[in-house]
């Protein structure tokens, strides 16, 4: 028994100091889904393919959509990201998602409004002053 105790004194611990030392997740880890609403075309393939019904897509304007993901229902299966034709949904490496309030698990990704004269539109024509 003394041999076992002495041997374990010189070994590295089997656990990590998690809250103090952040854990690096593997490259293909499936964490929190993030939606880039500005790229969404509103096809709703992600809604149809989600096995847990965690995604809602709402039209908020002409060619503008916002997505709501309920992380309490999500099973992190990556089906939504795989089925999206515009690759609007991506899964991050974020895994610290615990909440005491269930309402905080619903994440809404708002569509970013494009100002007139932005990169997608040409600026209004100016008349020469003279």
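The values are calculated or read from the model by the stated rules, or taken from the named source; none is laboratory data. From a predicted model like this one, the values you see are computed outputs, not experimental measurements. Glycine also receives a Cβ, built like all others from the backbone with ideal geometry; neighbour counts cover every protein chain displayed.
What number of residues within segment 81-107 are touching a helix residue (DSSP H, G or I) at 6+ places or on another chain (Cβ under 9 Å) and either outside any helix (DSSP H, G or I) or more than 15 Å from residue 50 (Cβ to Cβ) (or both)?
The total comes to 10.
Just the residues that are in contact (Cβ under 8 Å) with a residue 24 or more places away in the chain, surrounded by fewer than 16 Cβ atoms within 10 Å (Cβ to Cβ) and either within 15 Å of residue 32 (Cα to Cα) or in contact with a strand residue (DSSP E or B) (Cβ under 6 Å, 6 or more places away or on another chain) (or both), please, taken from segment 53-69.
60, 68, listed by residue number.
In contact (Cβ under 8 Å) with a residue 40 or more places away in the chain and either within 21 Å of residue 96 (Cβ to Cβ) or surrounded by 10 or more Cβ atoms within 10 Å (Cβ to Cβ) (or both) - does that describe any residue in segment 11-19?
No - not one qualifying residue is present in segment 11-19.
Taking segment 25-41, which residues are in contact (Cβ under 8 Å) with a residue 12 or more places away in the chain and either under 13 Å from residue 90 (Cα atoms) or buried (at least 17 other Cβ atoms within 10 Å of the Cβ) (or both)? Write out each step before concluding.
Of segment 25-41, the ones in contact (Cβ under 8 Å) with a residue 12 or more places away in the chain are 25, 29-41.
Within segment 25-41, 29, 30, 31, 32, 33, 34, 35, 36, 37, 39, 40 qualify.
Looking for whichever is outside any strand (DSSP E or B), out of contact with any strand residue (DSSP E or B) (no Cβ under 9 Å at 6 or more places or on another chain) and surrounded by fewer than 10 Cβ atoms within 10 Å (Cβ to Cβ) here; the options are 5, 75. Which one fits?
Result: 5 is the single residue among 5, 75 that is outside any strand (DSSP E or B), out of contact with any strand residue (DSSP E or B) (no Cβ under 9 Å at 6 or more places or on another chain) and surrounded by fewer than 10 Cβ atoms within 10 Å (Cβ to Cβ).
Which residue, of 48, 17, is over 17 Å from residue 91 (Cβ atoms) and modelled with pLDDT of 95 or more?
Answer to the selection: 48.
Listed here are the residues, each with its yes/no results for (1) within 27 Å of residue 99 (Cα to Cα); (2) modelled with pLDDT of 95 or more.
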{"residue": "24", "(1), (2)": "yes, no"}
{"residue": "29", "(1), (2)": "yes, no"}
{"residue": "55", "(1), (2)": "yes, yes"}
{"residue": "59", "(1), (2)": "no, no"}
{"residue": "62", "(1), (2)": "no, no"}
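I'm checking my understanding of the structure. Among residues of segment 80-102 that are exposed (fewer than 12 other Cβ atoms within 10 Å of the Cβ) and under 13 Å from the mean Cα position of the chain (by Cα), which one is nearest to residue 44 (Cα to Cα)?
Selected residue: 87.
Residue by residue through segment 14-46, note down the ones that are in a loop (DSSP other than H, G, I, E, B), more than 17 Å from residue 78 (Cβ to Cβ) and touching a strand residue (DSSP E or B) at 6+ places or on another chain (Cβ under 7 Å).
40, 42, 44 - these are the residues of segment 14-46 that are in a loop (DSSP other than H, G, I, E, B), more than 17 Å from residue 78 (Cβ to Cβ) and touching a strand residue (DSSP E or B) at 6+ places or on another chain (Cβ under 7 Å).
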